[in-house]
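Only one structure is covered here, and it is reproduced in the block below.
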Amino acid sequence: MSDLLQSLNPGTPPDARSYVERAEIDASLRAPVLLFFGTGVAWLLLGSLLGVLAAFKMSFPHLLDSADWLTFGRVRPAHLNIMVYGWASAVGIGVGIWLMARLCRVAPRHRGLLIGAGIAWNLGVLAGTIGILAGQSRSIEWLEFPGWATPILFVAYALIGVWGVIMFRFRRPGHVYVSQWYLLAAFLWFPWLYATANTLLIWQPVQGSVVGAVNWWYGHNVLGLWFTPIGLASAYYMIPKVLGRPIHSYYLSILGFWSLALFYSWNGMHHLIGGPFPAWMISASVVASVMMFIPVITVAINHHATMRGHFHYLKWSPTLRFTVVGAMTYTIVSLQGSLMAIPSLNNLTHFTDYTIGHAHLGLYGFFTMTMFGAMYYIVPRLVGWEWPSAAMIRWHFWLAASGVALMVGSLTLGGFLQGLELNDPQVAFLTSLKTVAPFRFVRACSGILLSAAHLVFAVLFIRMLLRQGGPRAEATLLSPPEIPAV
Amino acid sequence: MNKLPLLFVGILLVFSTSWIGLVAYPYLKLGRLAPEASRDGLVPPPLTASAIGGERVYAANGCIYCHSQQVRPAWLSTDIEKGWGPRQTVARDYIRESPPFLGTMRTGPDLTNIDVRRPDRVWHYQHLYEPGTVTPGSIMPSFRFLFKVQPIKDRPSFEAVAVHGPHAPPRGYEVVPTQDARDLVAYLLSLKHNYPLPEAGDPPAADAGK
Amino acid sequence: MSSERTPPEPESFGDPPQPEEIDLSKIHGSILREHDEPAEGRESVPLWLVTIMMALVFWGGMYLAFYSGGFRAESFNPRRGMAGGAVDSNDPATLGRRVFTQNCVLCHQATGLGVPGVYPPLAGSEWVLGRDWRGDNHLVAILLNGLQGPVRVGGAAFDNAMPGWSILRDEEIAAVLNYIRTAWGNTAPPIPVEFVRQRRGLTAARAAPWSAGELQAIARESAPAPAPQPADELPFRRKAAR
């Protein structure tokens, strides 16, 4: 360990050693993690703007329709890919490397690798977005970036993956915590996923309907085996860390981890029920989707039992409030997903806005909220400053929470009615459009709420970087705590 | 779970099952399907060069985000009763498509058999130029950028698209499709999957039409 | 990159934090006040969860056994031996309904009401029901060759083009005419297959669509008395009959 530790008096309490250790880790990760967070927030703003535009185009088809690069069919994939790669993946990587370093308890080496990766990653997202808007997309969902942009992302990711494995290799010996399993798995799964999908779909396209199978194997696994493990790793870290109590059960953690790995990876074909694929593939995905009940309920018990008796922390801790709302949403959205995979219900929700609502509940209600929670915890340690305004955090939370609730609510209800009409042979097709129209308008308005939340957060983040708001001795809390803050 | 190699191998091994089942298996079993011989030649028929160009236009402009191209079987859904096609679509239907646009949304009608329902080229041009003129109530965006509005020279162009109503071109001007529009319509008119295939089960109603 | 197992020297860190930078008194409060890194409790897995897991695994196995089409790559139906979307196409009522949903529904709509101003309605249409000067021969002619130009239906004017449907078999044409003449409250006698066959023979030379005026010039003819047909209740929703 560092010279400083050796130079400390033998009688130094053990806490001092860990303080210095943490301070070292945070200092050496400051630049790369803030790079991922900062660019992520910038993409979040741009992505929100495109999302709102795409949503209003549903209500007003003539809105900005004269230029090809602003047509709905380009704005929508640009929104999705910016959110998936520019925002969620970038901030997930930032949170992931910080958690990994903290849990491995070594100050990371090769910081340049991460900074280079961060720059390359953002260039890749930028190139891909321009490619989509310029009409280079091949319309393979979640993989719309053109074939000349994805290698940049892959190289960037490879640097991060190499860094992650080195990090893990040189960890301080000792117990490997559940968050580390999830992070290690995510860092290993993603390159496999991304390389397979790009090879078989973009660079050397396979024949016919195989594309659909690989597409949704990838699409669902990005959610299930990339975002979900990072989100869960963060929740598994933040909840016990803020509360200062151990996670409920090691055995539940093991069960949850391995059942997630096994069942989630087989889920993809539930996007294609009734599609041109051998029946057993679809049935396997239906079964795997229903089996997701096991990892989800396991994680839910583990988190809930850890929180039990401490829910009043949600009143004052920004980290915990965002994280716990995210973790609860994870339970809800996953159980909803299990139900939606059952063919007789899928028949109703497939091809409707209901599915879009589900996707936003997962990627926003669960993942993005969890990441906001993690950022509220991590950024003060990197910058050495407390969040400048509790009021702005409250605004951020309530705008984001009400926005996503309104969005998912309107899409779910509208999609349900749309599904009933799409399935009824007596109802003309246009009727289903008239039915969902008001719900789609509400959903577009909910996008404004979310964009406002992101704007508040971006301003807060910049003020944080500029160290505004005066030095504080205590953490910035949402309301005065009823128990002494620690 | 403190043994790194075990964790490492376990993580990759568990994941590889889905890679084998959902990627390698369909690649080996469905990745090299041949067209089927029928009375009218090979089915599905090969795409023309123009239609292949149209596939690219279809992809570039994201038609897939509103239009599916798959007919689900009758035991599961009402797709067939709804008129999207005479039978469920199967893997062989898509061997000419790169990539196939299966889709996940039906904000617009399914297009698997659009040529059967809409064989009229002019209708497609009018619809792409301004959907509301031929389908009142449609929320499809206009694809005017696939057309040129140009002054009429000595006589109107042979492929000028008749556009009436508020979106008509100014007097002395005409609307003509660009190559992208021609290709896109050629692609749409290639979408016809009403031939019989043995693995699809249900012989189509128009089977012995000749 | 070094792969030694020994803890690296400070110099080998990619970006070594300078020891003098880290002063215990300067470490930010957020780091000083945080709890230890999280640990795990050792509570056991509840019995009810194990029970639910077992039940789910059992259900999953049964589902796969019953709904996997024999695990064959060419089997697109989960129930082995069950045809994709087979319906009994010998039943004229079903056949007519199916021809309608495959070919006609997009313009004339499943409601038979058409689209006002664009596509004429079939429900209550004098053309379909054979009112005034319009006979069965006119309806069959429209179906075989199409209809183009201005036409009045139910008091409203339309100006559009309907393609001919001569690719349909005589049985299918008869069936779909039968369907549109009995659906949506329409009540008109069915047109037998023989009549369609006869009309097809008479107009075989013609390729162009009819205009309303041309049709009016042709005398009204009725199909011969229909063979007795069971008044079938059309099923609202077809179920797989296996």
Evaluate the following for B:LEU111: is it closer than 18 Å to B:ALA51 by Cβ, among the hydrophobic types (A, V, I, L, M, F, W, C), crowded, with 22+ Cβ neighbours inside 10 Å and within 14 Å of chain C (Cβ to nearest Cβ)?
-> yes
Test: residue in the stretch A:430-437 that is touching a His at 6+ places or on another chain (Cβ under 7 Å) and either surrounded by 18 or more Cβ atoms within 10 Å (Cβ to Cβ) or more than 10 Å from every other protein chain (Cβ to nearest Cβ) (or both) = no
Can you spot a residue in the stretch A:84-95 that is crowded, with 22+ Cβ neighbours inside 10 Å and more than 23 Å from A:LEU361 (Cα to Cα)?
-> no
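Return a yes/no flag: does the stretch A:116-134 have any residue that is outside any helix (DSSP H, G or I), aliphatic (A, V, I, L, M) and more than 14 Å from chain C (Cβ to nearest Cβ).
Yes; the residues of the stretch A:116-134 include at least one that is outside any helix (DSSP H, G or I), aliphatic (A, V, I, L, M) and more than 14 Å from chain C (Cβ to nearest Cβ).
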Return a yes/no flag: does the stretch B:32-44 have any residue that is facing chain A (nearest Cβ under 8 Å) and surrounded by fewer than 20 Cβ atoms within 10 Å (Cβ to Cβ).
-> yes
Residue, farthest from the other protein chains (Cβ to nearest Cβ), within the stretch B:126-168, restricted to residues that are of a type in the set (D, E, K, R) and in contact (Cβ under 8 Å) with a residue 12 or more places away in the chain | B:GLU159
Hits in the stretch C:69-81 - residues which are under 22 Å from the mean Cα position of the chain (by Cα) and either farther than 14 Å from A:GLY274 by Cβ or at pLDDT 75 or above (or both) = C:SER75, C:PHE76, C:ASN77, C:PRO78
Exactly one of A:LEU450, A:LEU478 is in contact with a helix residue (DSSP H, G or I) (Cβ under 7 Å, 6 or more places away or on another chain), in contact (Cβ under 8 Å) with a residue 40 or more places away in the chain and under 22 Å from A:LEU46 (Cα atoms), and that one is A:LEU450
Can you tell me which residue within the stretch A:147-186, out of those that are over 22 Å from A:HIS248 (Cβ atoms) and part of a loop (DSSP other than H, G, I, E, B), is nearest to the other protein chains (Cβ to nearest Cβ)?
-> A:PHE170
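From B:ALA51, B:ALA59, B:ALA24, grab the single residue that is surrounded by fewer than 17 Cβ atoms within 10 Å (Cβ to Cβ) and either in contact with a strand residue (DSSP E or B) (Cβ under 8 Å, 6 or more places away or on another chain) or not in a loop (DSSP other than H, G, I, E, B) (or both).
Result: B:ALA24 is the single residue among B:ALA51, B:ALA59, B:ALA24 that is surrounded by fewer than 17 Cβ atoms within 10 Å (Cβ to Cβ) and either in contact with a strand residue (DSSP E or B) (Cβ under 8 Å, 6 or more places away or on another chain) or not in a loop (DSSP other than H, G, I, E, B) (or both).
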Got at least one residue in the stretch C:90-111 being away from chain B (no Cβ under 13 Å), in a helix (DSSP H, G or I) and touching a residue at least 24 places away in the same chain (Cβ under 8 Å)?
-> yes
Of these, B:ARG56, B:ARG39, which one is among the charged types (D, E, K, R), more than 29 Å from A:ALA288 (Cβ to Cβ) and within 12 Å of the chain's Cα centre (by Cα)?
-> B:ARG56
Determine which member of the set A:ALA134, A:ALA120, A:ALA107 is out of contact with any Phe, Trp or Tyr (no Cβ under 7 Å at 6 or more places or on another chain) and aliphatic (A, V, I, L, M).
-> A:ALA120
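With respect to A:ILE356, determine if the residue is of a type in the set (Val, Ile, Thr), part of a helix (DSSP H, G or I), within 22 Å of the chain's Cα centre (by Cα) and over 27 Å from A:VAL210 (Cα atoms).
Numbers: of a type in the set (Val, Ile, Thr): yes; part of a helix (DSSP H, G or I): yes; within 22 Å of the chain's Cα centre (by Cα): yes; over 27 Å from A:VAL210 (Cα atoms): no.
Taking the combined requirement at face value, the residue does not satisfy it.
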Hey, A:PRO240 within 11 Å of chain C (Cβ to nearest Cβ), part of a helix (DSSP H, G or I) and surrounded by 20 or more Cβ atoms within 10 Å (Cβ to Cβ) or not | yes
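Within the stretch A:465-484, can one find any residue that is of a type in the set (Val, Ile, Thr), assigned to a helix (DSSP H, G or I) and modelled with pLDDT under 95?
No: the stretch A:465-484 contains no residue that is of a type in the set (Val, Ile, Thr), assigned to a helix (DSSP H, G or I) and modelled with pLDDT under 95.
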If you check A:TRP226 against the conditions, is it at pLDDT 95 or above and within 9 Å of chain B (Cβ to nearest Cβ)?
-> no
Restrict the check to the stretch A:65-75 and report whether at least one residue is under 30 Å from B:GLY132 (Cβ atoms), modelled with pLDDT of 95 or more, part of a helix (DSSP H, G or I) and under 17 Å from the mean Cα position of the chain (by Cα).
-> no
With the first residue restricted to the stretch C:160-173 and required to be at the interface with chain B (Cβ under 7 Å from one of its Cβ atoms), and the second required to be of a type in the set (Gly, Ala, Ser) and surrounded by fewer than 18 Cβ atoms within 10 Å (Cβ to Cβ), Cβ contacts under 7 Å at 6 or more apart or on different chains are C:PRO163/C:GLY146; C:ILE167/B:GLY209; C:LEU168/B:GLY209; C:ARG169/B:ALA208; C:ARG169/B:GLY209
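The values are calculated or read from the model by the stated rules, or taken from the named source; none is laboratory data. A quick note: this is a predicted structure, and the numbers were derived from the prediction, not measured. Neighbour counts run over all protein chains shown; Cβ positions are idealised from the backbone, glycine included.
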